[in-house]
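To start, the structure under review is shown below, and the notes come after it.
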Amino acid sequence: MAGANDEQIDFWNGPAGERWAKAQQQLDALLAPLTERLLDGAASDRNAVLDVGCGCGETSIALARRAMRVTGLDISKPMLEVARRRAGELENLEFVEADASVHHFLSAYDVVFSRFGVMFFADPMAAFGNLHDALMDGGRAHFLCWRGVPENPWIGVPARIVLAANPPPEPPDPRAPGPFAFADADYVKSVLSGAGFHDVTLTPVDEKLRVGRTVEEALSFQATIGPLSRALAELDETRGREVREQVRIALQPFEGENGVEMDAACWLVEARA
């Protein structure tokens, strides 16, 4: 799987991939409201689906249980191991460890589907060109991607604290591979159009996500994945404790009867091949 995405492949097969695999249940619970919105739009396509960046298999399994033939694709071996265990004996589901940007797809698909798995390509237009070629005529792309950090306090709150504690040497490229690379709607449209898609639409989707039942649980989750987890790995023990405490304090205003609930904002993107 060597190629332009080597950095992402190394990242998701290292400690980060292991952490995400262990946090599978928390992640699926966190994203459940958004997952349902995404699945509802794919329900009528009872044919062949390519689930890009399928991770630990939640969406692939849900699609297969809706009588679709599903290929779950990911670059992370640790997460795919979890996905295969969870899938059991589902005969209409397979998982493939591969880079979607360069993998040669032998089968023709009706839908390229993804829950937050398509924002990590080094060359997104080339990657979507490859995915376009995996679709039959009239097939479509159907995926969720995050809008900007300011619209996503669930990750933006700890991110701001981490940046203040450990600022990067220069401002990051907002379109570099990462969770918020597709925040700009016009950029997403240009990528998909350049890759051969047409009738590209982006619909804003907003939900409250329960980050934890308590502040301590939310803090533990934030320390497992995302910017806080990366900062804690890089900062010395004393500074790490200070940053962790700052995040705890910042999470407290979001705690209510239903736990720690924070706003999330994404795009539901649809396009035709």
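The values are calculated or read from the model by the stated rules, or taken from the named source; none is laboratory data. Here the structure is a predicted model, which means the values were calculated and not measured. Note that each Cβ is placed from the backbone with ideal geometry, even for glycine, and that neighbours are counted across all protein chains shown.
For this structure, a couple of remarks:
- Cβ separations smaller than 6 Å between residues 6+ apart or across chains give the following pairs from the stretch 236-264 residues that are assigned to a helix (DSSP H, G or I) to residues that are surrounded by fewer than 18 Cβ atoms within 10 Å (Cβ to Cβ): Val243/Ala165.
- Subset tally (residues that are of a type outside the set (Asp, Glu), in a strand (DSSP E or B) and surrounded by fewer than 16 Cβ atoms within 10 Å (Cβ to Cβ)) for the stretch 182-215: 5
- When every residue of the stretch 163-179 is checked against the conditions, at least one turns out to be assigned to a loop (DSSP other than H, G, I, E, B), modelled with pLDDT under 95, surrounded by 15 or more Cβ atoms within 10 Å (Cβ to Cβ) and touching a strand residue (DSSP E or B) at 6+ places or on another chain (Cβ under 6 Å).
- Every test in (1) in a helix (DSSP H, G or I); (2) of a type outside the set (Ser, Thr, Tyr); (3) modelled with pLDDT under 95; (4) over 26 Å from Asp123 (Cβ atoms) is passed by Ala159 save one, and that test is (4).
- Single residue of Gly156, Gly178 found to be small (Gly, Ala, Ser), more than 25 Å from Gly41 (Cα to Cα) and without any contact (Cβ under 8 Å) to a residue 60 or more places away in the chain: Gly156
- Residues that are of a type in the set (S, T, N, Q) number at least 1 in the following strands (runs of 3 or more DSSP E) confined to the stretch 1-117: 69-74, 109-115.
- Out of Asp133, Asp137, one residue alone is part of a helix (DSSP H, G or I), of a type in the set (Asp, Glu) and surrounded by fewer than 21 Cβ atoms within 10 Å (Cβ to Cβ). It is Asp133.
- Scope the stretch 22-60; condition surrounded by fewer than 20 Cβ atoms within 10 Å (Cβ to Cβ) and of a type in the set (Gly, Ala, Ser); matching residues: Ala23, Ala29, Ala32, Gly41, Ala43, Ser44, Ala48
- Check on Ala231, over 19 Å from Ala32 (Cα atoms), more than 16 Å from the chain's Cα centre (by Cα), crowded, with 20+ Cβ neighbours inside 10 Å and hydrophobic (A, V, I, L, M, F, W, C): yes
- Per-region count, the stretch 76-113, residues surrounded by 16 or more Cβ atoms within 10 Å (Cβ to Cβ), over 25 Å from Arg272 (Cα atoms) and within 17 Å of the chain's Cα centre (by Cα): 7
- Taking the criterion of being at pLDDT below 95 and small (Gly, Ala, Ser), the residues of the stretch 101-122 that qualify are Ser101, Ser107, Ala108, Ala122.
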